[in-house]
């Protein structure tokens, strides 16, 4: 789409340059006329770029204002020309009429554009309405697909419009799913499963677009370029860095973590769960585990349990726009003050993932 626009502009400029060279409207060398035609072409293209960014209300207000200004200038110019008693040379009258026309047209254009937002286009029908012309497009990021909460939000009916899945996002999901690393491979397969779940939702409109930007290497920048190309499209993500960069580039973003910030967390302090301690944490004697959706779980005094499953009790949940972190302690330490003596409580296991089992108290 962008390449087509650039090609049309180049053809338009070439036609004006050729017309200036062949017709030679300005006396002197032909290159002077060609240069003047080039300046006019640049001015027209600049004006066209500015118009594309304006709303429909602004354009209608500017058009109506400029037309009224030209009509008013014509009436005033007619009065000036009809006054034979005025000792004004004809050239001066022509200059005054032309200047008045430009002045009135300019004032009408600027005032109409400024007051165009006050127009109520819905009274003119759906054809002239901004809402009718505006499409509700949401572009899904890789992180939000793997996260999976987007599918839950869609099933509740809070997600409307058309969901756009670019082809380069599908390629990235496939690469993650084919990764030799087991953790990345599990996340990639989860993303593909969530995408199938979204496609199976009959109330959603899922579209896979082939648009790509070969000159852009990073997937995040490709998403931003796609959002700018689609105009009113919104990027749905939970990537903190993509969120900030997109906002700086003028692209709207819906952050799932910001939505979760306004809701109750899924894991509550005091809840018991079983996790697989994967690696050592940053602080002394900490262990780190990950939930199936990639949420980090930091467990105190769990360094000795690396490579093993551990029953923990959640102590706190930190939810920020950059993501969610869960902090916990080994159950025997929380229940017995860390003396190593553990009192077993009746538990029942609910399997949620190969590396995650949530445990809750059974009824007495």
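Residue by residue, here is whether (1) within 25 Å of residue 144 (Cβ to Cβ); (2) over 26 Å from the mean Cα position of the chain (by Cα); (3) surrounded by fewer than 15 Cβ atoms within 10 Å (Cβ to Cβ) holds:
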{"site": "273", "(1), (2), (3)": "yes, yes, no"}
{"site": "278", "(1), (2), (3)": "yes, yes, no"}
{"site": "295", "(1), (2), (3)": "yes, no, no"}
{"site": "298", "(1), (2), (3)": "yes, yes, no"}
{"site": "302", "(1), (2), (3)": "no, yes, no"}
{"site": "314", "(1), (2), (3)": "yes, yes, no"}
{"site": "319", "(1), (2), (3)": "yes, no, no"}
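None of 235, 208 is exposed (fewer than 15 other Cβ atoms within 10 Å of the Cβ), outside any loop (DSSP other than H, G, I, E, B) and touching a strand residue (DSSP E or B) at 6+ places or on another chain (Cβ under 9 Å) except 208. The set of residues in the range 1-29 being at pLDDT below 85 and either under 30 Å from residue 210 (Cβ atoms) or part of a helix (DSSP H, G or I) (or both) consists of 1, 2, 3, 4, 5, 6. Taken over the range 239-263, the criterion of being loosely packed, with under 15 Cβ neighbours inside 10 Å, under 12 Å from the mean Cα position of the chain (by Cα) and in a helix (DSSP H, G or I) is satisfied by 244, 247, 248.
Of the residues making up the range 158-178, one or more are surrounded by 16 or more Cβ atoms within 10 Å (Cβ to Cβ) and either modelled with pLDDT under 85 or not assigned by TED's automatic domain parsing to the domain that holds residue 240 (or both). Inside the range 138-184, residues that are part of a helix (DSSP H, G or I) and in contact (Cβ under 8 Å) with a residue 40 or more places away in the chain make up a count of 17. The set of residues in the range 1-57 being at positive phi and surrounded by 11 or more Cβ atoms within 10 Å (Cβ to Cβ) consists of 24 alone.
The values are calculated or read from the model by the stated rules, or taken from the named source; none is laboratory data. This is a predicted model, so every value here is computed, not measured. So basically every Cβ, Gly included, is an ideal-geometry build from the backbone, and we count neighbours across all protein chains shown.
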